[in-house]
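Readers should treat all values here as calculations from the given coordinates under stated rules, not as data from a laboratory. Quick caveat, the model's predicted, so the values are computed rather than measured. Neighbour counts are summed over all protein chains in view; Cβ atoms, including those assigned to glycine, are modelled from backbone coordinates with ideal geometry.
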Amino acid sequence: MNTDLRHGFLALAGGFGKGVGRALLAALALAGCLAPPAAHAARNALDNRYEISVYDNGGKPDLTVDPIRLKSQLNVIDRYFDPANASDRCAYEEGAVGGYGWRRLMVFDVVIVNAGGGDLVVGDRSDPANPYAGAFYFDPCHGHYHLAGFSEYRLLYQDGNAAQVGRKQGFCFEDSFKYTDHPSNGYHCGYQGITSGWGDWYYKQLPGQWIDVTGVPEGNYLLEVEINIQDPKYRFDEGENRYPNTTRTPAEIPKRRTR
C-alpha cells in the first residue's frame with residue numbers, strides 16, 4: 001500500500017489550500033513520511049500487537065481484522081472537501097462523503113490478517129481463468145483494481161443498532177505486515193493475495209478509509225468492520241474459519257469545536 005499512502009497524504013494536504021498544503025507536504029517529506037515504509041515498520045511501533053496462532057486449515061486462509069490496529073488508529077477529524085480538487089471529487093462521486101465543504105470523518109486503519117495455514121490467493125485480475133476475475137473493478141481514487149464489496153464499515157449505537165449507514169469497501173490484497181515468521185510469497189496489486197501469517201494494511205490516510213459521520217451527534221458508539229461479504233460466488237473459502245469476520249471496537253464522536 002505504499003503508493004496509496006503517498007496518494008492519501010497528497011489528498012489530505014490538498015484539502016488545506018495551496019499554501020498550507022505545500023508546507024504540510026514539505027514537513028512530511030522532511031520527516032520521511034512520504035518515503036516507502038518497511039512492510040512491518042508500523043506494526044513494530046505498536047506497544048500492543050495482535051498475536052495470531054496460524055493453524056492447519058486444510059491449506060485454506062482464515063481472514064480476520066486486527067482489532068488492536070483498528071482501535072489504536074481510530075479518530076475523528078474535520079476535513080474540507082473542495083469540488084475543484086480531483087481527489088475530493090473522486091471521494092464524493094464514489095459516495096465516500098455525503099457532500100462538499102467541511103465534513104466530519106471517522107478515520108481508522110484496517111489490517112486484514114490471514115491466520116489460516118494456507119495463503120489467500122486472488123491472483124491476476126486480467127487472467128480470464130481467474131475465478132475471481134468478474135469481481136474486480138478499477139478504483140479511480142486508489143488508482144488500481146479492487147475486489148468489489150469485500151468489506152463493510154458500520155457505525156453502531158451501543159445496543160448494536162445502526163447509527164449511520166455503512167459503506168462497502170473494495171480491497172487490493174497484498175502482503176504489508178508480518179505477523180509470524182512465515183516468509184512472504186510476494187503478493188501485490190498485480191497478483192493479489194495474502195501469505196499465511198501476514199496482513200494487508202489499509203491506512204487511514206487513504207481516500208475512503210473512513211465513515212462520514214457529519215451530523216451524527218456526539219457520544220459513544222461502536223465501529224464495526226465485516227469482511228468477506230462480497231457476492232457469494234466470489235467469497236473466499238476460509239475452511240474452519242476459527243477467527244471472526246466481524247470486529248467491533250468502541251468509537252467516540254467528540255463535541256465539535258466552534259470554528
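What the table shows:
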{"item": "For peptides 124-130, 177-183, sequence by mean Cβ density within 10 Å, most packed first", "result": "177-183, 124-130"}
{"item": "Cα gyration tensor of the range 184-245 - equivalent ellipsoid semi-axes, whole Å, descending", "result": "28, 17, 12"}
{"item": "Net charge over other residues, Cβ less than 12 angstrom from the Cβ of Asp88 (K, R count +1; D, E count -1)", "result": "0"}
{"item": "Reach of Lys233 by Cα under 18 Å, taken over lysines that are not fewer than 8 positions away in the same chain", "result": "Lys60, Lys168"}
{"item": "Proximal charge balance of Ile253 [Cβ under 11 Å; K/R count +1, D/E count -1]", "result": "+1"}
{"item": "Cα radius of gyration and Dmax for the range 156-259 (Å)", "result": "16.9, 52"}
